[in-house]
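The values are calculated or read from the model by the stated rules, or taken from the named source; none is laboratory data. Given the structure is predicted, the values throughout are model-derived calculations rather than measurements. Every residue, glycine among them, receives a Cβ derived from its backbone with ideal geometry; neighbour counts consider all protein chains shown.
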Ligand SMILES: Cc1cc2nc3c(=O)[nH]c(=O)nc-3n(C[C@H](O)[C@H](O)[C@H](O)COP(=O)(O)OP(=O)(O)OC[C@H]3O[C@@H](n4cnc5c(N)ncnc54)[C@H](O)[C@@H]3O)c2cc1C
């Protein structure tokens with residue numbers, strides 16, 4: 001495994017922003033993952049794992065860490081229909097997991113058809129949609145860190161609404177998903193329906209990082225709040241609040257992560273002033289990036 005220096009992260013994020021990672025590696029199995037973690041520990045470098053970068057804002061100035069992207073065996077998928085189980089590497093794309101599950105006539109993962117991330121990223125923030133989430137299908141996840149490795153259940157991972165207790169340096173190397181037998185046509189029908197609903201409501205053909213803010217405990221969702229504040233289409237630099245759905249930020253051309261952060265800060269301030277609500281960001285921030293306090 002090669003560990004490269006100063007690899008630009010912009011091509012690894014769906015928004016297309018982010019500066020260079022100090023070090024970057026793509027471990028293909030547990031032994032290489034171990035080697036990468038030892039490399040970082042020996043140099044006192046923090047470790048961050050990225051999946052498909054679909055929920056990620058990386059600092060424009062770069063990230064002072066060893067950034068890992070799981071590959072090979074750590075991104076492979078195996079369906080075991082006789083056990084109603086799918087085993088997937090943490091780097092496996094949800095789309096591939098869903099494809100394998102469907103071919104094995106295993107249902108329950110359809111909710112992930114519109115979540116363009118990986119298994120590891122899904123566990124990290126308990127990704128979910130349309131009433132389903134990772135917590136509802138995850139039997140256990142193999143978590144590896146410099147301190148050791150072990151299988152953790154959803155409860156041990158602290159999974160709840162768009163949250164886990166995982167910290168950078170803990171790598172979700174593998175997951176086991178407990179699914180249910182379901183005929184192929186039924187799975188296809190559910191996926192078709194969810195994708196149609198998704199396309200009608202969200203900017204699926206733009207560069208975004210999914211929902212910007214978690215939905216607050218309020219009668220209005222974050223998107224409806226920002227829409228009511230007239231923020232749809234508002235642009236700072238190359239980042240724009242989606243004209244289609246106000247809880248999305250699009251790269252409207254040449255965006256930097258700093259532009260997105262400025263838009264988020266503005267949206268949060270306005271939501272606090274008008275609704276008395278402190279919006280919490282759903283997108284993960286990597287490197288020296290933070291929102292100003294409210
Ligand atoms: C168009 C669009 C629609 C979306 N819709 C939804 C939706 O409906 N529901 C939803 O929940 N999300 C949605 N998202 C957000 C995103 O797809 C999910 O959060 C997804 O789970 C992120 O996975 P990822 O692999 O891209 O993670 P990344 O964005 O690469 O990383 C996200 C976080 O997970 C950590 N991470 C990633 N992989 C690992 C690993 N193997 N081990 C440890 N940590 C890891 C990263 O360090 C980072 O902190 C959407 C995004 C887009 C662009």
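For residues that are within 14 Å of the ligand (Cβ to nearest atom), under 17 Å from residue 170 (Cβ atoms) and not in a loop (DSSP other than H, G, I, E, B), tally how many sit in region 41-58. Number satisfying all stated conditions: 5. Among residues of region 182-199 being touching a residue at least 60 places away in the same chain (Cβ under 8 Å) and either farther than 20 Å from residue 128 by Cβ or away from the ligand (no atom under 14 Å from the Cβ) (or both), the one that is surrounded by the most Cβ atoms within 10 Å (Cβ to Cβ) is 187. Against the test of being crowded, with 22+ Cβ neighbours inside 10 Å and either within 11 Å of the ligand (Cβ to nearest atom) or at pLDDT 95 or above (or both), the options 18, 72 yield a single qualifying residue, 18.
Of the strands (runs of 3 or more DSSP E) contained entirely in region 223-293, those carrying at least 3 residues that are under 26 Å from residue 11 (Cβ atoms) and under 19 Å from the mean Cα position of the chain (by Cα) fall at 249-251, 284-286. Test residue 152 against the stated conditions and say whether it is in contact with a helix residue (DSSP H, G or I) (Cβ under 8 Å, 6 or more places away or on another chain) and more than 10 Å from the ligand (Cβ to nearest atom). So residue 152 does not fit the description; no.
Criterion applied to 120, 132, 107 was being in contact (Cβ under 8 Å) with a residue 24 or more places away in the chain and within 9 Å of the ligand (Cβ to nearest atom), and the one residue passing it is 120. Scanning region 4-39 for residues that are part of a loop (DSSP other than H, G, I, E, B) and in contact with a helix residue (DSSP H, G or I) (Cβ under 6 Å, 6 or more places away or on another chain), we see that the one that is farthest from residue 206 (Cα to Cα) is 29.
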